[in-house]
Amino acid sequence: MSKTIAIGNNKGGVGKTTTAVNLASGLARAGKRVLLIDADPQGNSTAAVGYDEPDNMEISLATIMKMEINDVDIEPGYGILQNEEGFDVLPGNIELSELEVTLVNVMNRERIMKEYITMVSPFYDYILIDCAPSLGTITTNAFVAADSILIPVQASYMPVKGLEQLVKQITRIKKHINPDLEIEGILMTMVNDRTNFAKSYETKAPREWTE
């Protein structure tokens, strides 16, 4: 059975892309069938796996989501690239920023990505979604499509403090759209063991999530 994990944090520079690419590679080496979806307009995951000019790609996640919006039939392998590390990639690029505006007027706009993932999930053991550092409509789509969310957090005060807004968004989505959504875990990144904060911080689920 396939599992979809969104890798998200509304703060940038906390290691989302590094986590997504390395997790995809590790799962592929373990013999799992993996699809990495780049849901960030910056296309960092796409570039990280060897496609240097994401904005020049003819087919991307934005292309797929536009086809879903317009009820165009999509072949399961359409637009998916094979990576030398052994996992598949659906690239992301700047077109996602334009799509964010378009989605405002789309019916069931939070479920567009889920429709696509439901179609391709039989072909994969894991689908990983590298989210943008925002809580916009594209990220909401990723959270609605996911079974769980993995949250990379830099081991310093301000990034940890910023988790509150993210968890509130996850809680709203769980309550109103995706009741099965869970937090996969909070992954501390860029840990500097010389700081008192990194030594002392314990990751605990926020109260509003556990109630």
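Please treat every number below as a calculation from the coordinates, not as lab data. From a predicted model like this one, the values you see are computed outputs, not experimental measurements. As a convention, Cβ positions derive from the backbone with ideal geometry for all residues, glycine included, and neighbour counts pool all protein chains shown.
Tabulated data
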item: GNM flexibility winner over the chain from Thr18, Thr139, Thr46 (Cα, springs under 10 Å); result: Thr18
item: Simple label model, 7 Å out from Cα along Cβ direction - Lys175 to Asn108, nm; result: 2.4 nm
item: Per-residue ³J(HN,Hα) for segment 21-33, Karplus 6.51 cos²θ - 1.76 cosθ + 1.60, θ = phi - 60°, Hz, x for Gly and Pro; result: 5, 5, 5, 4, 5, x, 5, 5, 5, 7, x, 8, 8
item: Of every Cα-Cα pair in segment 15-131, the percent that sits beyond 24 Å; result: 21 percent
item: Electrostatic dipole magnitude of segment 62-165 [Cβ: Lys, Arg +1; Asp, Glu -1; Cα centre; debye, to 20]; result: 440 debye
item: Rounded to whole Å, sorted largest first: equivalent-ellipsoid semi-axes of segment 3-210, Cα gyration tensor; result: 27, 20, 16
item: Cα-based shape type of segment 37-97, given that a ≥ b ≥ c are square roots of the gyration tensor eigenvalues and the cut on a/c is 1.5; result: oblate
item: Full-stretch length increase - Glu58, Thr118 - with 0.36 nm per residue and alpha-carbon distance subtracted; result: 19.3 nm
item: Residues whose placed amide H lies under 5 Å from that of Ile129, excluding near-sequence neighbours; result: Ile5, Ala6, Ile7, Ile37
item: DSSP bridge pairs, the chain: antiparallel proportion in percent, nearest 5; result: 10 percent
item: Karplus 3J(HN,Hα) series, Hz, for segment 35-44 with 6.51 cos²θ - 1.76 cosθ + 1.60 (x for Gly, Pro); result: 10, 9, 9, 8, 9, 10, x, 6, x, 5
item: Under-5 Å amide H pairs with Val153, H placed in peptide plane, nonlocal only; result: Leu187, Met188, Thr189
